[in-house]
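Working notes, structure below.
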């Protein structure tokens, strides 16, 4: 059986605000626990581009485990290994949205519990 991958995965969008203001922001209501997880694996807001690239690589290389249609567009869940600065490379879950004919955009990322 062939492993499903994100469509247009060479063009994945990971916005600076999503990384800095949400995924690496300890003060964010929903993002705080995620920030603790990612900061403890060596990512930093100052070097946010490194995390953005790691998330794009995760989206390019790891399998799509779920797909659904939402009011925002087609939603894809991608699971497992994220290459991290500390080398622990945990299994995480990322969610991506495809709006119309745009490339997939990162919605969230968190530990795969």
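Since every read-out is calculated from the coordinates, none of them should be taken as a lab result. Just so we're clear, the structure is a prediction, and the values are computed from it rather than from any experiment. No Cβ is skipped: glycine too gets one built from the backbone with ideal geometry, and neighbour counts run over all protein chains shown.
Quick notes on this one:
- Which of 5, 18 has the fewest Cβ neighbours within 10 Å, and the rest in rising order: 5, 18
- Beta bridges by DSSP in the chain, antiparallel share as percent, to the nearest 5: 95
- Along each principal axis, Cα extent of the chain, largest first, Å: 34, 29, 25
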